[in-house]
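A quick write-up on the structure given underneath.
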Amino acid sequence: QAKATRRGSHQFYSPEMNDLIRQRRALEIDLRRALASQEFVLHFQPRLRAETLQVMAVEALVRWQHPIHGLVAPGDFIPLAEETGLIIPLGDWVLQEACRAAACYPDLVVSVNVSPVQFRNGDLVEQVRAALSSSGLPASRLELELTEGVLLENIESAIKSLRALKALGVSLAMDDFGTGYSSLGYLQHFPFDRLKIDKSFIAPLGDREDSRSIVQAILSLGRALGMSVTAEGVESAEQLRVLRDDNCDELQGFLLGRPMPAEQLSELLADPARSMAEASAV
Ligand code: C2E
Ligand code: MG
Ligand code: MG
Ligand code: MG
C-alpha cells in the first residue's frame, strides 16, 4: 500500500523535516512579532526618465530591520509571509507607509509591489482606497506593481480586480516582465500602464546582440499596446547607452540609484540636479 510505504519511509517525519518545520514556525512567530513591533522599513529606489535622467518616481521596497539579524532582504521573508497570509497585513502597512512618504513631496509618484496573494485574497481595492485617503496622496501618484503570477488563475476575475483598481485612479505596472508564463495574447486585455523588463534581460545587454533584440521586441510590444516601458537592473554605462539608443522610456538600476532609506531620498529630491549629474558622469 502506497500509504504504508510512505509512512514507513519516514518521509514526513524525519528529523530534518522536523527541523525545517520548527525553523519555519519560528520565522512565522518572528514575523508576527515584527509586524506588531513595527520592525519593517521601506527603502526607495528612483526610476528615471531615460531621455533626461530626471527622477520620475520611486519604488518602495520593504526590508526587515531585525533586532538580531540586521537588515533582512524581502526575498528572505516575503515567501513565508505569502504562505502564512501575513503578507496581507504587511502589504497593507507597505501601502500606508509608501503613500504617507510620497505625500511629503509635491509631485512624487510611488510604486508599490503587490503580492499575488494580496491580489487574490485580500481586500486590495479597499486597502488602496484607505491608504490614499489617510495619506492624502492623489491616486494619480500611486502605481501598483504586479507580476504575471496574478494573471495565471482566473483571467476574468483578475481583469475585474485590475479594473476596480484602475477605477480608483492608480496606475498599474507589470513587474518582472518576461519571466512568467502568461500568454502575450492576454496582455492586451489587461489595463496595464507600464511594462517593467526583468533585470535578467538587461544584464547581458552590451555583451550579447540577441539580448538586445529581445529588449527591442519588448519595447515594440509595449509601444504597440500603448504602455510605457521601464528597464530594471541597469548597472552599466553600456546598458544605459543601449537602452537610450533604443528609446526605452524609463530606467531603474544600481547605476542610477540604489534603494535608499527615506532620509537619503529626501536629500536626493531636495537637489534634483544631483541624480542627473551622477548619471551623466558615467
Ligand atoms: P522587484 O519588485 O522586481 O524589485 C527590484 C529588485 O531588484 C529589488 O530587490 C532591487 O533592490 C533590485 N535591484 C534594483 N536595481 C538593481 C540592479 O541594478 N541590479 C540588481 N542586481 N538588482 C537591482 P529587493 O529590494 O531585494 O526586492 C526583491 C523583490 O522582493 C522585489 O522585486 C519584489 O518582488 C519583492 N518585494 C520587495 N518589496 C516588496 C513589498 O513591499 N511587497 C511585496 N509583495 N514584494 C516586495
Ligand atoms: Mg517591483
Ligand atoms: Mg522586478
Ligand atoms: Mg521581482
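Residues in the stretch 202-214: is at least one within 16 Å of ligand 2 (Cβ to nearest atom) and at pLDDT 95 or above? Even if it seems obvious, please write down each step before you answer.
Of all residues in the stretch 202-214, those within 16 Å of ligand 2 (Cβ to nearest atom) come to 202.
Filter once more, keeping what is at pLDDT 95 or above: 202.
Yes; the residues of the stretch 202-214 include at least one that is within 16 Å of ligand 2 (Cβ to nearest atom) and at pLDDT 95 or above.
Quick one: would you say Glu145 is within 16 Å of ligand 1 (Cβ to nearest atom) and open to solvent by less than 30 Å² (accessible area, probe 1.4 Å)? Spelling it out, Glu145 is indeed within 16 Å of ligand 1 (Cβ to nearest atom) and open to solvent by less than 30 Å² (accessible area, probe 1.4 Å). Of the residues making up the stretch 167-179, just one is surrounded by fewer than 16 Cβ atoms within 10 Å (Cβ to Cβ) and within 16 Å of ligand 3 (Cβ to nearest atom), namely Thr179. Against the definition (crowded, with 16+ Cβ neighbours inside 10 Å, within 14 Å of ligand 3 (Cβ to nearest atom) and of a type in the set (A, V, I, L, M)), how does Val128 come out, yes or no? It is false that Val128 is crowded, with 16+ Cβ neighbours inside 10 Å, within 14 Å of ligand 3 (Cβ to nearest atom) and of a type in the set (A, V, I, L, M). Does Gln96 satisfy being assigned to a helix (DSSP H, G or I), more than 9 Å from ligand 1 (Cβ to nearest atom) and touching a residue at least 24 places away in the same chain (Cβ under 8 Å)? Yes. Would you check if Ile202 is away from ligand 3 (no atom under 13 Å from the Cβ) and either surrounded by 14 or more Cβ atoms within 10 Å (Cβ to Cβ) or among the hydrophobic types (A, V, I, L, M, F, W, C) (or both)? When the stated conditions are applied, Ile202 does not pass them. Before we move on, is Ser111 free of Cβ contacts under 8 Å to residues at least 60 places away in the same chain, of a type in the set (Ser, Thr, Tyr) and within 23 Å of Ser140 (Cα to Cα)? No, not satisfied.
Let's see how each residue does on (1) touching a residue at least 12 places away in the same chain (Cβ under 8 Å); (2) closer than 17 Å to Glu250 by Cα; (3) of a type in the set (Val, Ile, Thr); (4) within 16 Å of ligand 1 (Cβ to nearest atom):
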| site | (1), (2), (3), (4) |
| --- | --- |
| Ala167 | no, no, no, no |
| Ser171 | yes, yes, no, yes |
| Thr179 | yes, no, yes, yes |
| Phe201 | yes, yes, no, yes |
| Ser211 | no, no, no, yes |
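Each residue in the stretch 211-233 was checked for being among the acidic types (Asp, Glu) and open to solvent by less than 10 Å² (accessible area, probe 1.4 Å), and 0 pass. Of the residues examined, Gly149 is not one that is within 16 Å of ligand 3 (Cβ to nearest atom), under 18 Å from the mean Cα position of the chain (by Cα) and part of a loop (DSSP other than H, G, I, E, B).
The values are calculated or read from the model by the stated rules, or taken from the named source; none is laboratory data. Remember, predicted model here, so these are calculated numbers, not experimental data. Counting neighbours? That spans all protein chains shown, and the Cβs are built from the backbone with ideal geometry, glycine included. Keep in mind that these areas ignore ligands, DNA and RNA; they rest on the heavy atoms of the full protein, side chains included. Shrake-Rupley method; radii C 1.70, N 1.55, O 1.52, S 1.80 Å.
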